[in-house]
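Participant: Pasting a structure below so you can have a look.
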Amino acid sequence: MNRTARAVLSAGLAAVIPLATAAEFSCGADAPLGLPVTLEYGVIASRAVLSLSGDGVVSYRRTGDAYSMESSLQAAGIIEARQSSVGTVGREGLVPRTFTQRSSRRPPRSAEFDWAAQRVTFSQTGASAPTRPQMQDRLSLLMQLPWRHRADPRAQSIELPVAGQGGASVYRFKAQGEESLALPAGRFETVKFERHKQDGEDSLEVWLAPALCSLPVRLRFTDDKGLVIEQQLRAVRTGPP
C-alpha cells in the first residue's frame, strides 16, 4: 500500500473510530492490562542534523488470560520497524512467550521465553539467558511499566528485566518528577521515568499519564550511535480494532 492510500485509509478509520478521552478511561485494579487500546503517535527520528517525521502505532488486546501486542513505526519510508509480543497475563502482570522484531533491512529476530525451563532464547545469536520474575520484552515493557506504576504511584524507581534482540539486561527506571505536556492528543499531567543506563546501553525516557491509566503519552529512545526516536501521542482509541 503506498503512502497516499495509507493516508486515505487512516483518515477513514479516524472518522469512524471515536477518539477516547481521559474521562472515558475506567482504570480498575488491573488497568491498563485489561483494556483493549490503540495508541497512535507522531514520530520524529533524528541523528545529528538529519531529522525525519513519521507515524507510530501500538495496539494491545486481551482475550481471557492471553494478550497480544503489535507496534509499527515508520519515518519517511527510511526507518521502518514492526514488533509483536504474545503471551499471558498473570498475577505479576504480563508474561511474554514470543517477541518478534521485523525491519525492512534485516531478517526477523525473535526472543522465545520458556518459563518452565527458565530460559529465554534469542534467534539472532542462538544464545539463551535465564528468565527472571516479571521479565519483559521491549514491546510488552510499554504496558508492564504503566501497570507497575499504577500499583505504586509514589515509587521513585522501577526495575524490570528485559529481553531484547540478542540478550537480556535489567532496565532501572528512575522517576524524574511530574511534567505537564502539550501533545497533539491534548494536554496531559505526566510522571517522567528515565532508564538509568551504563555506557554503551540505549537510553529510554517515558512519560506516563495517570489520567490514561498511566499509559505512555511520550517516549524518547536514544541508541549508542546517537539515533533519537521521539514519539508523542496523537490519538488513543479503546475497544476492538
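All of the numbers you see were taken from the coordinates with simple rules; none came from a lab. If you're wondering where the values come from, they're calculated on a predicted model, not measured in any experiment.
Participant: Once you sort the root eigenvalues of the Cα gyration tensor of the range 75-202 as a ≥ b ≥ c, which label holds: rounded (a/c under 1.5), prolate (a/b larger than b/c) or oblate (the other case)?
Facilitator: oblate
Participant: With θ set to phi - 60°, apply the Karplus curve 6.51 cos²θ - 1.76 cosθ + 1.60 along the range 82-89 and write out the HN-Hα couplings as whole Hz, x wherever there is a Gly or Pro.
Facilitator: Each residue's phi maps through the Karplus curve to give 10, 10, 9, 9, 10, x, 10, 10 Hz.
Participant: Taking H as built 1.01 Å from N, whose amide H comes closer than 5 Å to the amide H of Q136, not counting residues under 5 places away?
Facilitator: HN-HN under 5 Å from Q136: V162, A163.
Participant: Would you work out if the range 88-145 is rounded, prolate or oblate? Take a ≥ b ≥ c from the square roots of the eigenvalues of the alpha-carbon gyration tensor; rounded if a/c is under 1.5, else prolate when a/b is larger than b/c, oblate otherwise.
Facilitator: It is oblate, given that a/c is not under 1.5 and a/b is not larger than b/c.
Participant: Would you mind checking which residues have amide H under 5 Å from S214's amide H? H placed 1.01 Å from N; only 5 or more apart, or other chain.
Facilitator: Here A209 satisfy the definition.
Participant: Let me ask something additional. Taking H as built 1.01 Å from N, whose amide H comes closer than 5 Å to the amide H of T88, not counting residues under 5 places away?
Facilitator: Close amide H contacts, sequence-distant or interchain: Y67, V95, R97.
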